[in-house]
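To keep things clear, I will list the structure first and then write my remarks on it.
The values are calculated or read from the model by the stated rules, or taken from the named source; none is laboratory data. Every value quoted in this text rests on a predicted model; they were computed, and no experiment measured them. Cβ sites come from the backbone with ideal geometry, for glycine too, and all protein chains shown count toward neighbours. Accessible surface is based on the protein model in full, side chains and every heavy atom, while ligands, DNA and RNA are left aside. Shrake-Rupley method; radii C 1.70, N 1.55, O 1.52, S 1.80 Å.
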Amino acid sequence: MRWVTAQPGRGRAILLGALPLVVLAFAYIVAAAARHSDNAADKILPLPGAMAAAMAALIFEADPLSGQYLFWADTLASLTRLGLGLGIATASTLCVGLVVGSLPPVRATLGPLVTAIAVIPPIALLPILFIVFGLGETAKVALIVIGVAPFMIRDVAGHIAALPREQVIKALTLGANSWGVILRVALPQAMPRLIEALRLSLGPAWVFLISAEAIAADVGLGYRIFLVRRYLAMDVILPYVAWIAILAVVMDFALSRGSRRLFGWAHGAAH
Amino acid sequence: MALLSLKNLWVEYGEKVVLERISLDIAEGSFVSIIGPSGAGKSSLLRVVLGQEKPTRGTITLDGAPLPPECGPDRGVVFQRYSVFPHLTVLGNTLLGLEFSASPFTARLFGSARRAAISEAEAMLEQVGLADSRHLYPAQMSGGMQQRLAIAQALIKRPRILLLDEPFGALDPGIRKDMHALITRLWREHGLTIIMVTHDIKEAFSLGTRVLTLDKRRHDPHAPQRYGAAVVYDLELTRKVQHVPAEAGADEQVEVDGITIDRVGNN
């Protein structure tokens, strides 16, 4: 057997994939136990029991001050911001990316602008967004949109522009006009790429969400993490980070499955 | 009168002359093969006739009317590759031409119009031997099947001229032979006018009723771009000339094996 050709089966692949996670968790517990044997009140590496207790309070008990279940309120607030931001970014990518990719004159007009916006670090725009939109939800959503939309537009427009010229010519000989080419040739072929761009944007979108929440918010996953940091509450921070990871993985998985189901032709597999 | 006339056509890219003084009359119902060495402007000539490129000088007329320098449904095309749309099934690819012309805004058909279009598309797929593959995507088909689909897709628009740009160049020899039989049959049955660019001299002679050879007449070794290619041989293979019914009134219709070709008011 050579390593470069060894293909693990499905069951074995899952096992292999789980292995590093298990090792990591085990290493954490060993380290946490070691710290707790030195100092029973250690807060840096809380034991799983302490994390469960701290999280139970946030998940199952209403906050006496606000009457909210904080964990769920944070999750809802963050997912709403993320969903709005990514939704607006995706919709604008579809509109702008499609015309920029399909119509060379529009590409010549808007391409440099999109590139210029894409190279600005979005966090540098956050103060401007706070000044313009105030400290409310709008600025946070706007940060996500500005952070991911230019990248997505460039990616989708580039993909459409790189479609074989023959396809456009063929569509024209079939009686299409420019609109017909956009609608029936460019749009369907842009969709799988759009989902791919969205998947790649999930990471940056979470970065912008947490950043915005850390700076100015009163609810949200990022807000909570940065709030409890003041009390060194690793028993809340670690589960929150794990929760964010789970949410991100679920979104990525759902997008990937959705794309395979809806656009099987783009994934090369049997349909 | 010739269906397609090229008069004193020049194609130049800046200093580089690709085609010079091309004057051709292509008769209706002919199968013209164009051969020539690489870089002799075979594909440029095809692109000009297709409307993808504008000639630097000269005029092209189709049925006596000047041809606008843009692609339209009066000229169908099959390229060597990328002729079919990967996101549509065989049936979807064939329907597309009917959908574009029927509804310029949605480019889709619904209800009874769609059912009629589907039966027309299925009849066309039957002709090219893809009736059983109608729900496959191009990626699931061989190169030969994809080219069959590309031909069906183009023919459903009833183009005045079918342009083939090395359509069988990427196929293996056995499949290529089947495709030759197919295109010859379709040409006869539908009364097509075909212009085919090919690298394969044998193919050019076995399929064509007329073989054009493009090459440079003159060559300046110090300025190789100075002279373009022209038609150096123009061979009529008369024994194969297709029987075209005599021209009649303005709305003459010819019934060929259940397929109606509107020879005059087409598109």
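The table below gives the values:
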item: Some residue of segment B:169-182 being modelled with pLDDT under 90, out of contact with any Pro (no Cβ under 6 Å at 6 or more places or on another chain) and on the phi > 0 side of the Ramachandran plot; result: no
item: Single unsatisfied condition, A:R260 versus (1) more than 14 Å from chain B (Cβ to nearest Cβ); (2) out of contact with any Lys or Arg (no Cβ under 8 Å at 6 or more places or on another chain); result: (1)
item: Every residue from segment B:35-62 that is open to solvent by 30 Å² or more (accessible area, probe 1.4 Å) and either over 16 Å from the mean Cα position of the chain (by Cα) or over 23 Å from B:L212 (Cα atoms) (or both); result: B:P37, B:S38, B:G39, B:K54, B:T56, B:R57, B:G58, B:T59
item: Segment B:103-112: number of residues that are at pLDDT below 85 and outside any loop (DSSP other than H, G, I, E, B); result: 0
item: Residue check for B:L125: surrounded by 20 or more Cβ atoms within 10 Å (Cβ to Cβ), away from chain A (no Cβ under 14 Å), under 26 Å from A:G268 (Cα atoms) and modelled with pLDDT of 90 or more; result: yes
item: Hey, A:A142 under 21 Å from the mean Cα position of the chain (by Cα) and under 15 Å from B:P86 (Cβ atoms) or not; result: no
item: Close pairs from segment B:1-26: first within 13 Å of B:R226 (Cβ to Cβ), partner among the charged types (D, E, K, R) and part of a loop (DSSP other than H, G, I, E, B), Cβ under 7 Å, at least 6 apart; result: B:V17/B:R226
item: Exclusive hit being at the interface with chain A (Cβ under 9 Å from one of its Cβ atoms) and of a type in the set (F, W, Y), set B:F110, B:F105; result: B:F105
item: Residues of segment A:220-247 classified as in contact (Cβ under 8 Å) with a residue 12 or more places away in the chain, open to solvent by 30 Å² or more (accessible area, probe 1.4 Å) and within 15 Å of A:S78 (Cα to Cα), total; result: 4
item: Identity of the residue in segment A:172-186, more than 7 Å from chain B (Cβ to nearest Cβ) and not polar (S, T, N, Q), that ends up nearest to B:H87 (Cα to Cα); result: A:A186
item: Selection count, segment B:60-75, where residues are acidic (D, E) and either touching a His at 6+ places or on another chain (Cβ under 9 Å) or on the phi > 0 side of the Ramachandran plot (or both); result: 1
item: Segment B:67-79, subset in contact with a strand residue (DSSP E or B) (Cβ under 6 Å, 6 or more places away or on another chain) and more than 8 Å from chain A (Cβ to nearest Cβ), residue modelled with the highest pLDDT; result: B:V78
item: Residue in segment B:180-193 that is in contact with a Phe, Trp or Tyr (Cβ under 9 Å, 6 or more places away or on another chain), of a type in the set (V, I, T) and part of a loop (DSSP other than H, G, I, E, B) present; result: yes
item: Meets criteria (within 14 Å of chain A (Cβ to nearest Cβ), buried (at least 16 other Cβ atoms within 10 Å of the Cβ) and among the aliphatic types (A, V, I, L, M)) for B:L6; result: no
item: Among residues of segment A:187-205, those that are crowded, with 21+ Cβ neighbours inside 10 Å and away from chain B (no Cβ under 14 Å), counted; result: 4
item: Test: residue in segment A:118-130 that is at positive phi and out of contact with any helix residue (DSSP H, G or I) (no Cβ under 7 Å at 6 or more places or on another chain); result: no
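One line per residue, one yes/no per condition, for (1) part of a helix (DSSP H, G or I); (2) within 12 Å of another protein chain (Cβ to nearest Cβ); (3) more than 21 Å from the chain's Cα centre (by Cα); (4) free of Cβ contacts under 8 Å to residues at least 24 places away in the same chain:
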| position | (1), (2), (3), (4) |
| --- | --- |
| B:L88 | no, yes, yes, no |
| B:A116 | yes, no, yes, yes |
| B:E120 | yes, no, no, no |
| B:L136 | no, yes, yes, no |
| B:G144 | yes, no, no, no |
| B:L149 | yes, yes, no, no |
| B:A154 | yes, yes, no, no |
| B:P159 | no, yes, no, no |
| B:K177 | yes, no, no, yes |
